Amino acid sequence: MSVQVPGLAIPKILLPSSGVELDKWAVVACDQYTSEPEYWARVEETVGDNLSTLRMILPEVHLPKKDQSEAEQEQARDGVKERITAINSTMRKYLSLSLS
C-alpha cells in the first residue's frame, strides 16, 4: 500500500527477533531515572554486550551540567558527540541484522 500524502507515511516497525534477550533489549528511560548515574550503571551491567535499545538512546545523565567546570562540560560535550555517533552506528547495524 502506498500513501501519497506529504508528511505522512506508513512506518516500518522493527521488533527484535526471537533470538534477542528481551530483558536486555528493553530499557526504561523515563524522567524518574534519566539523570541517575547509578541506574544507568546497573543497566550497562545488565545489558553487557547484548543487543539493546540502550545503544540507541542518549540519557540525560551524559549531558553537561551547569555545576560542572568548563573543562568537565567540554568533556561531557565530547562524550555526547561520541554517543550520538555510536547511536547512529548501532541503528544502522540493527537494521542490517534484520532484527524484525
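The values are calculated or read from the model by the stated rules, or taken from the named source; none is laboratory data. Note that this is a predicted model, so its numbers are computed, not measured. A quick note on method: Cβ atoms are made from the backbone with ideal geometry, for glycine too, and the neighbour counts reach across all protein chains shown.
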Requested in this report: Answer yes or no as to whether Tyr94 is within 13 Å of the chain's Cα centre (by Cα) and surrounded by 13 or more Cβ atoms within 10 Å (Cβ to Cβ).
Outcome: yes
Query raised in the report: Mind checking which residues of the stretch 53-89 are over 30 Å from Ser17 (Cα atoms), assigned to a loop (DSSP other than H, G, I, E, B) and aliphatic (A, V, I, L, M)?
Result: Leu63
Requested in this report: Please verify whether the stretch 31-42 includes one or more residues that are modelled with pLDDT of 90 or more and either in a loop (DSSP other than H, G, I, E, B) or touching a Pro at 6+ places or on another chain (Cβ under 6 Å) (or both).
Outcome: yes
Report summary line: Counting only residues that are of a type in the set (Lys, Arg) and part of a loop (DSSP other than H, G, I, E, B), the stretch 4-30 contains a total of 1
